[in-house]
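Just so it is clear, none of the values below were taken in a lab; they were calculated from the coordinates. Since the structure is predicted, the reported quantities are computational estimates derived from the model, not experimental observations. Cβ sites come from the backbone with ideal geometry, for glycine too, and all protein chains shown count toward neighbours.
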Amino acid sequence: AADLAARGFAVAIQKLAGSGVPAVGHNGMFDACYTLEKFLHAYPQWANRIMLVQIATPPKKDTARYQKLRNKVHKLVGRVNGRFGSLEHAPIVYLDQTVDFVDLCALYFLADALIITSLREGMCEIAFEYIACQQKNHGVLILSEFVGAAQTLGSGALLVNPFNTDELSRALYD
């Protein structure tokens, strides 16, 4: 990951915790990848300079709903990486596994942005972890306006409506 920062990459992270399945009717895993696809359509010059690290901790109980969602996301990741990637670079790194906290902190330190598209109170601790790891950097927190941390961190974050992928794409550019 340090090599990416040295080469001038913009690294964005989205981590989905717990069940890995966001609130019913909202698909954070899919939306973050789809947002990056829209971003790369609008700003193709970024294709080899941006990377979305999507961390989707699988649920303890593998359900048909999660399998369907995971398959949908895997197809989208393949489409985005196939269209905008190269032999040297894939715009989306999708991890369907738990990431060790020390490694996660290293990613937070190197990331230029953290995207939180949750629709409810969950994931607020992730925002604070990112901020703690960014003390010497100037990373951007792109935060759903619906989470509790939006009131606490609102003035220091880019607040977005996670249902509006155009708004999320513009936040990545800003």
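Couple of notes before you dig in:
- Ranked by the mean number of other Cβ atoms within 10 Å of their residues, highest first, the peptides 48-58, 81-91, 157-167, 31-41 fall in the order 31-41, 48-58, 157-167, 81-91.
- Theoretical gain in end-to-end length, PHE101 to GLN67 [0.36 nm per residue, Cα-Cα removed]: 9.7 nm
- A simple count of charges around ASP174, restricted to other residues whose Cβ falls under 13 Å of its Cβ and scoring Lys, Arg +1 and Asp, Glu -1, yields -2.
- The alpha-carbon of LYS60 sits under 16 angstrom from the alpha-carbons of these aspartates and glutamates, leaving out residues fewer than 8 places away in its chain: ASP96.
- Under-5 Å amide H pairs with ALA47, H placed in peptide plane, nonlocal only: none
- Scanning residues 5 or more positions from GLY148 or on other chains, those with amide H under 5 Å from its amide H are GLU121, with H placed 1.01 Å from N in the peptide plane.
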